[in-house]
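See structure below.
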Amino acid sequence: MTAAVLMIAHTSAPLPGRLEAAARANGLVPRVVRPMLGDRLPSGDDGYAGTVVLGGPQSAYDVARHPYLADEIGFLSAAHRAGVPVLGICLGAQLLAAALGGQAVPGDAGLECGFIDVLPSRPEGADAAGRHFSFHTDTFRLPDGAALLASTDKYPQAWRLGNSLALQFHPEFDRADVESVLDIETEKLTRSGADVKLLRKQNAEETRASLDGTRVLGRWMRHRVPGSGPPR
């Protein structure tokens with residue numbers, strides 16, 4: 001029986017291309033829910049082999065404005081306690097921090113947007129290190145017992161606690177996904193002082209991020225998600 005991975009999305013856009021491709025390449029079926037559109041989160045006995053909680057424009061600490069985020073935080077806490085592998089990306093990393101006793105907070109170093117070099121903070125952080133696309137102003141405070149895996153000079157970028165892995169950057173974005181973000185957020189980025197034209201040029205020319213993003217996602221699936229492997 002093919003293992004299914006739950007994908008919790010925070011926009012109405014299709015799944016990021018690299019994430020869906022990685023799931024299929026590792027014999028996993030992605031099942032998408034969008035609580036922001038009223039989708040129900042599964043119950044604890046629905047049998048997902050893992051959970052990926054994705055990014056979005058929301059702030060993880062703004063549950064008064066986005067009450068479904070409180071449900072997601074509770075869901076992630078229960079999944080972690082049950083030993084289900086959880087991967088939190090960007091907003092998902094901040095929600096995961098809140099779920100496990102840490103905190104999601106506004107970042108004090110401002111906007112981090114573009115292709116960044118994520119550096120390991122300890123040897124096992126090499127799995128998350130590499131060249132990745134980033135777009136955020138919020139960040140997280142690590143839960144007690146979590147191991148910081150990787151950082152940039154601006155922000156912590158990856159941490160692990162048990163079977164839960166949090167990534168502030170976007171390994172799941174392929175070139176089309178980055179272009180879509182730049183299209184949607186041009187006004188916001190310009191107000192923040194970002195050079196959108198330069199970001200588009202970097203996206204068109206970047207090659208390493210594809211390899212590094214695929215490696216990060218594939219390694220998490222192969223080593224953490226039960227039932228993953230080459231498609232049958």
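Tell me the relative contact order for the range 100-152 as a rounded percent, counting alpha carbon contacts under 8 Å between residues six or more apart. Kindly include the intermediate steps, with their values, before the conclusion.
Working: 95 pairs, mean separation 25.6, N = 53.
Computed over the range 100-152, the figure is 48 percent.
A full extension of the chain between Arg215 and Thr2 corresponds to an added length of 74.5 nm, given 0.36 nm per residue minus the alpha carbon distance. Taking every Cα-Cα distance in the range 161-208 and sorting them into 5 Å bins starting at zero, the pair-distance distribution P(r) comes out as 4, 18, 24, 21, 14, 7, 6, 4, 0 percent.
Per-residue extension of 0.36 nm, minus the Cα-Cα distance of Arg65 and Ala13, leaves a gain of 16.6 nm for this segment.
Annotation: extensible slack from Gln202 through Arg81 equals 39.5 nm (criterion: 0.36 nm per residue apart, minus Cα-Cα distance).
Residues of the range 138-155 with an amide N closer than 13 Å to a point placed 7 Å from the Cα of Gln103 along the Cα-to-Cβ direction: 139-144. What does the charge add up to near Leu41, with Lys and Arg as +1, Asp and Glu as -1, over the other residues with Cβ less than 10 Å from its Cβ? Net charge around Leu41: -3.
Counting beta carbons within 10 Å around each of Thr190, Thr139, Thr51 and listing the fewest first gives the order Thr190, Thr139, Thr51. Under 19 Å from a label point set 7 Å out along the Cα-to-Cβ vector of Glu179, the amide N atoms of the range 17-51 belong to 17-21.
From its DSSP helices (H runs of at least four residues, each -39,500 (n - 2.57)), the chain gives a residue-normalised ellipticity at 222 nm of -9500 deg cm²/dmol.
Just want to confirm a number: the relative contact order over the chain, from Cα pairs under 8 angstrom separated by 6+ residues, in percent. Computed over the chain, the figure is 23 percent.
Answer with a single label: of [x] 32, 19, 17; [y] 25, 20, 18; [z] 29, 19, 16, which was calculated as semi-axes √(5λ) of the Cα gyration tensor in Å from the structure in view? Recomputing semi-axes √(5λ) of the Cα gyration tensor in Å here picks out [y].
Could you grab the relative contact order for the range 93-182? Cα pairs under 8 Å, six or more apart, rounded to a whole percent.
On the way: 176 pairs, mean separation 26.1, N = 90.
Worked out over the range 93-182, it gives 29 percent.
The three principal axes of the C-alpha atoms in the range 22-76 carry coordinate ranges of 38, 25, 17 Å, sorted with the longest axis first. The range 173-232 to the range 106-125: how many Å between their Cα centroids? Taking the Cα centre of each part, the range 173-232 and the range 106-125 sit 15 Å apart.
Rule-based calculations on the coordinates, nothing more; no lab input. This structure is a prediction, so every number in the text was calculated from the model and none was measured. Quick reminder, even Gly has a Cβ in these numbers, built from the backbone with ideal geometry, and neighbours come from all protein chains shown.
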